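Please read the structure below before turning to the comments.
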Amino acid sequence: MCGIVGAVAQRNIVSVLVEGLRRLEYRGYDSCGVAVLAGGEPKRARSVARVSDLDAQVRETRLEGVTGIAHTRWATHGAPVTDNAHPIFSRDAVALVHNGIIENYESLREMLRGKGYVFVSQTDTEVIAHLIHSMYRGDLFQTVRDAVKQLHGAYAIAVVHKDQPHTVVGARQGSPLVVGVGQGENFLASDALALAGSTDRFAFLEEGDVVEITLDGVKIVDREGIHVEREVRTVAAYGGAVELGPYRHFMQKEIFEQPRAITDTIPQADQFDASLFGDRASDVFGDIDSLLILACGTSYYSGLTAKYWLESVAKIPTQVEIASEYRYRESVPNPKALVVVISQSGETADTLAALKHAQSLGHTHTLAVCNVATSAMVRLTGMSFLTHAGTEIGVASTKAFTTQLAGLFVLAVTLGKLRGHVDARQEAAYLAQLRHLPAALNSVLALEPQIIAWAEEFARKENALFLGRGLHYPIALEGALKLKEISYIHAEAYPAGELKHGPLALVTEAMPVVTVAPNDTLLEKLKSNMQEVRARGGELYVFADSDTRIVSEDGIHVIRMPEHYGLLSPILHVVPLQLLAYHTACARGTDVDKPRNLAKSVTVE
Ligand code: F6R
């Protein structure tokens, strides 16, 4: 999704800006651009190709400057064409980049047209550039503070004015923005990762903040216009995180990182304890009577899986909702519910809005399961559990999902113990299983060559069905999502018992039916559902636990999973589905890490 980088320095900062965009590339974008103040006016280069093309342009045109802003755009208003790419100019005096959506841009555009401004793009962003130009009276910081009061919607912006050659002003509301603090130079970015290599000291702006960065200073005012300091934190872990190493794609690297990511995520302690979720957790956990889980996409599927654990292990009623639905529907708040937001990025606009909506309804018990310690969601919730997946670059989430599952299992057992449903023997057994997970994952990863052989066949298909039951139904959903988002094959997932209620009509010899077949209490039921598919000629591709006695025969292809893993089985069973999607996409030659139309960290509604 859109990315912002800005810098004020005494050296030419074009390479810093372009490198920053390169580090944000993984989030998905369809155009990019950079502007610097050079010779008294803004100059820019823009591209509807990749950042590498922008880099070639700036070298060829020798674009240089000590103050500048840059952007990767993921189109919302207006097609991905050069005129709509940021930075957007106003009368060759103001240059501006923007993440988010301005909801009242039409009325602002009419007002600005009335003042003689000519619009050359279809973006909502252009109104901000002209608004700032129209209000500018010699102080860009003050102008932006006044101008943002007229904006409705979500934004993070960075803006420069030709008359202030050593100043960049930024503002945020609903989209992240961070200040990078350097020595004799300062930076702005939508994600600290963009500035790895330039600084490791960051101040995370709060909602409503407006910031001015100059060579030797950072000034911040909050939404009330009061001058504030934001804590400067050293965040060293960003450097080097974006190296691909020996892998072909980041997605492949991240799938293979899962044993390490799980090791880093599961608690070191020999007990499941509420303190794993923060200081307030033991009081809060004693007070709650249910859970409300809010999330989007893959993170929503980890919530769906967790519901099975929370209700069976902790015996606590759990509701899981898609964040974009919850935020807009009338619901009945229960102050005794623990609201859990699950998010890789911690910045997903819909999940963040759903959290704020829950808080506005009076929910005070909130917990984030999140991969980014400095994210808005972690800062807004009273408690958190950090997954330690490390930076996830591939747009399709993999290691973030399995580490979320590990964290949610820890939550279920912790609550089960507190509520008297998990005794010391069970606790020790769960802990042992968690500790053995990385080794078990390694044996699943060793199945890759067999999965590649299946992927060659899948690459020629246009549709696929995924089946699972119980705990593994959300895993089937996740497998279908992975396949469709990176290979562009249409895929649907069903609880296997639902087949006969409609989707069976789709089954023919041309329909591959991927089946998740753990050796659990529903195995015999699942086998009957598989027979329903075979009877209609459907081809079954089954990931079966070793002791299921499901064998390869005509129309039934089986890859044997190394062992049955009890309640934690979903964490193992999702891995071959990730690999199947990955290798199918490779065989079809798609852009695996940056699938079309998609973005990492969806910071707009
Ligand atoms: C799919 C995927 C998305 C995200 C969703 C939520 O592979 O990555 O569905 O899971 O956009 O993102 P987070 O977890 O950052 O809130």
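Is it the case, given these coordinates, that ALA261 is touching a residue at least 12 places away in the same chain (Cβ under 8 Å), open to solvent by 20 Å² or more (accessible area, probe 1.4 Å) and within 15 Å of the ligand (Cβ to nearest atom)?
The answer is no for ALA261.
Determine which member of the set ALA323, ALA337, ALA306 is within 16 Å of the ligand (Cβ to nearest atom) and within 30 Å of ALA424 (Cβ to Cβ).
ALA306
In the range 562-596, how many are touching a residue at least 60 places away in the same chain (Cβ under 8 Å) and outside any helix (DSSP H, G or I)?
9
Give the residues of the range 272-329 that are within 25 Å of LEU572 (Cα to Cα) and of a type in the set (Phe, Trp, Tyr), sorted by residue number.
Once the filter is applied, which keeps residues that are within 25 Å of LEU572 (Cα to Cα) and of a type in the set (Phe, Trp, Tyr), the range 272-329 yields PHE272, PHE277, TYR300, TYR301, TYR308, TRP309.
Residues being within 16 Å of the ligand (Cβ to nearest atom) and open to solvent by 50 Å² or more (accessible area, probe 1.4 Å): count how many of those fall in the range 552-605.
7
Yes or no: the range 85-106 includes at least one residue that is open to solvent by less than 40 Å² (accessible area, probe 1.4 Å) and over 28 Å from LEU54 (Cβ atoms).
Yes: one or more hits.
Which one of THR398, THR381, THR414 is within 14 Å of the ligand (Cβ to nearest atom) and open to solvent by less than 10 Å² (accessible area, probe 1.4 Å)?
Just a single option satisfies the conditions, and that option is THR398.
Evaluate the following for LEU386: is it at pLDDT 95 or above and either outside the structural domain of PHE256 (by TED's automatic domain parsing) or open to solvent by 10 Å² or more (accessible area, probe 1.4 Å) (or both)?
Here the answer is yes, as LEU386 does meet what is asked.
For the range 1-79, give me every one of the strands (runs of 3 or more DSSP E) that falls completely inside it and has 3 or more residues that are open to solvent by 10 Å² or more (accessible area, probe 1.4 Å) and touching a strand residue (DSSP E or B) at 6+ places or on another chain (Cβ under 7 Å).
41-47
State yes or no: is SER331 away from the ligand (no atom under 16 Å from the Cβ) and either in contact (Cβ under 8 Å) with a residue 24 or more places away in the chain or at negative phi (or both)?
So SER331 fits the description; yes.
Please find, among ASP209, ASP200, ASP191, the residue that is of a type outside the set (Val, Ile, Thr) and open to solvent by less than 10 Å² (accessible area, probe 1.4 Å).
Only one candidate qualifies: ASP209.
If GLU392 satisfies every condition in (1) open to solvent by less than 10 Å² (accessible area, probe 1.4 Å); (2) modelled with pLDDT of 95 or more; (3) within 15 Å of the ligand (Cβ to nearest atom) but one, which is the exception?
The failed condition is (2).
If you take the residues of the range 441-490 that are open to solvent by 10 Å² or more (accessible area, probe 1.4 Å) and among the acidic types (Asp, Glu), which of them is nearest to the chain's Cα centre (by Cα)?
GLU485
Enumerate the pairs (first residue in the range 415-426 and touching a residue at least 40 places away in the same chain (Cβ under 8 Å); second residue anywhere and acidic (Asp, Glu) and surrounded by fewer than 21 Cβ atoms within 10 Å (Cβ to Cβ)) with beta-carbon separation below 9 Å, excluding pairs fewer than 6 apart on the same chain, so at least 6 apart or on different chains.
Final answer for the pair search is GLY416/GLU427; LYS417/ASP273; LYS417/ASP423; LYS417/GLU427.
Taking LYS500 as the residue in question, decide whether it is at pLDDT below 95 and either surrounded by 22 or more Cβ atoms within 10 Å (Cβ to Cβ) or farther than 22 Å from LEU310 by Cα (or both).
Spelling it out, LYS500 is indeed at pLDDT below 95 and either surrounded by 22 or more Cβ atoms within 10 Å (Cβ to Cβ) or farther than 22 Å from LEU310 by Cα (or both).
So the check is Cβ under 7 Å with 6+ separation or different chains; which pairs have a first residue in the range 531-546 that's in the same structural domain as ALA493 (by TED's automatic domain parsing) and a second one that's at pLDDT below 95 and assigned to a helix (DSSP H, G or I)?
The qualifying pairs are GLU532/LEU499; GLU532/LYS500; GLU532/LEU504; ARG536/LEU504; LEU540/MET530; LEU540/VAL533; LEU540/ARG534.
Among the numbered criteria (1) within 11 Å of the ligand (Cβ to nearest atom); (2) open to solvent by less than 10 Å² (accessible area, probe 1.4 Å), which single criterion is violated by VAL372?
(2)
When you scan the range 275-303, how many residues do you find that are within 12 Å of the ligand (Cβ to nearest atom) and either free of Cβ contacts under 8 Å to residues at least 12 places away in the same chain or β-branched (Val, Ile, Thr) (or both)?
The total comes to 1.
The values are calculated or read from the model by the stated rules, or taken from the named source; none is laboratory data. Given the structure is predicted, the values throughout are model-derived calculations rather than measurements. So basically every Cβ, Gly included, is an ideal-geometry build from the backbone, and we count neighbours across all protein chains shown. Surface accessibility is based on the protein's heavy atoms, side chains included, excluding ligands, DNA and RNA. Shrake-Rupley method; radii C 1.70, N 1.55, O 1.52, S 1.80 Å.
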